[in-house]
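K.L.:
Once you've had a glance at the structure underneath, I'll fire off some questions.
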Amino acid sequence: MISPDKALNALKEGNTRFVKDEAHSPRQSSEYRKQQIADQKPFCAILTCSDSRLPVEILFDQGIGDIFVVRLAGNVASETAMESLDFAVHVLQTSLIVVMGHQNCGAVNAVINHLADEDLGEIASRIYPAIQGKKNMKEAVIANVEAQVKTVETHSLLQPELASGRLKICGAYYDFETGLVDFLSTNS
């Protein structure tokens with residue numbers, strides 16, 4: 001573990017590289033940033049886990065303003081997450097929502113191993129029904145993704161866009177070892 005001061009310095013140094021156009025992605029350049037200042041126009045929204053190993057923009061090689069990201073442990077479609085996704089669809093005009101889980105999800109693992117039972121909070125209570133009876137971690141994570149996709153698909157806020165075909169929702173699973181994202185399901 002590094003000290004809080006070293007962690008803060010790492011953030012400051014990274015931001016300095018970003019500001020000086022020394023960041024890794026061309027879509028992190030100052031010219032690209034200037035284009036994004038006036039108005040964000042993300043082409044999709046992703047509901048994913050809070051796990052720090054899921055840098056969505058990097059995984060999909062996208063830049064500033066390209067993806068609207070909602071992050072909650074276990075990628076749960078809570079009411080707050082749904083309001084954020086509604087904002088992405090209705091205000092920002094995104095046409096795709098991806099619910100993405102990942103290998104060895106800590107939230108799913110905590111529920112499987114009864115470290116966070118359903119009565120301990122909203123996150124566990126939203127994961128628990130989907131993973132009952134699952135012993136294999138990948139199977140449980142995918143079952144949770146599919147359950148969260150169903151929650152997003154059936155939420156009243158998004159029904160008009162889904163019915164018109166203007167919005168698509170799909171699930172995905174990210175494998176840390178390979179770096180691959182496997183797209184699981186879609187409402188089309």
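K.L.:
Among residues belonging to the stretch 110-124 that are part of a helix (DSSP H, G or I) and surrounded by fewer than 16 Cβ atoms within 10 Å (Cβ to Cβ), point out the one that is modelled with the highest pLDDT. Walk me through how you get there before you give the answer.
P.N.:
First pass over the stretch 110-124, keeping only residues part of a helix (DSSP H, G or I): 110-112, 118-120, 122-124.
Still in the running and surrounded by fewer than 16 Cβ atoms within 10 Å (Cβ to Cβ): 119-120, 122.
Working: Asp119: 55, Leu120: 61, Glu122: 87.
If we take residues in the stretch 110-124 being part of a helix (DSSP H, G or I) and surrounded by fewer than 16 Cβ atoms within 10 Å (Cβ to Cβ), then Glu122 is modelled with the highest pLDDT.
K.L.:
May I pose another question? Surrounded by 14 or more Cβ atoms within 10 Å (Cβ to Cβ) and part of a helix (DSSP H, G or I), is that true of Glu83?
P.N.:
On the way: surrounded by 14 or more Cβ atoms within 10 Å (Cβ to Cβ): no; part of a helix (DSSP H, G or I): yes.
Spelling it out, it is not the case that Glu83 is surrounded by 14 or more Cβ atoms within 10 Å (Cβ to Cβ) and part of a helix (DSSP H, G or I).
K.L.:
Given the criteria in contact with a helix residue (DSSP H, G or I) (Cβ under 7 Å, 6 or more places away or on another chain) and either crowded, with 18+ Cβ neighbours inside 10 Å or without any contact (Cβ under 8 Å) to a residue 40 or more places away in the chain (or both), does Val76 qualify? Working first, answer last.
P.N.:
Numbers: in contact with a helix residue (DSSP H, G or I) (Cβ under 7 Å, 6 or more places away or on another chain): yes; either crowded, with 18+ Cβ neighbours inside 10 Å or without any contact (Cβ under 8 Å) to a residue 40 or more places away in the chain (or both): yes.
Yes.
K.L.:
Taking the condition closer than 21 Å to Val181 by Cα and either β-branched (Val, Ile, Thr) or buried (at least 20 other Cβ atoms within 10 Å of the Cβ) (or both), does Val91 pass?
P.N.:
no
K.L.:
How about the stretch 131-188: which of its residues are among the β-branched types (Val, Ile, Thr) and either part of a loop (DSSP other than H, G, I, E, B) or closer than 19 Å to Phe43 by Cα (or both)?
P.N.:
Here is the first cut: in the stretch 131-188, the ones among the β-branched types (Val, Ile, Thr) are 131, 141-142, 145, 149, 151-152, 154, 169, 178, 181, 186.
Val149, Val152, Ile169, Thr178, Val181, Thr186 - these are the residues of the stretch 131-188 that are among the β-branched types (Val, Ile, Thr) and either part of a loop (DSSP other than H, G, I, E, B) or closer than 19 Å to Phe43 by Cα (or both).
The values are calculated or read from the model by the stated rules, or taken from the named source; none is laboratory data. No experiment lies behind these values; they were computed from the predicted model shown. All Cβ positions, even for glycine, are placed from backbone atoms using ideal geometry, and neighbour counts span all protein chains on display.
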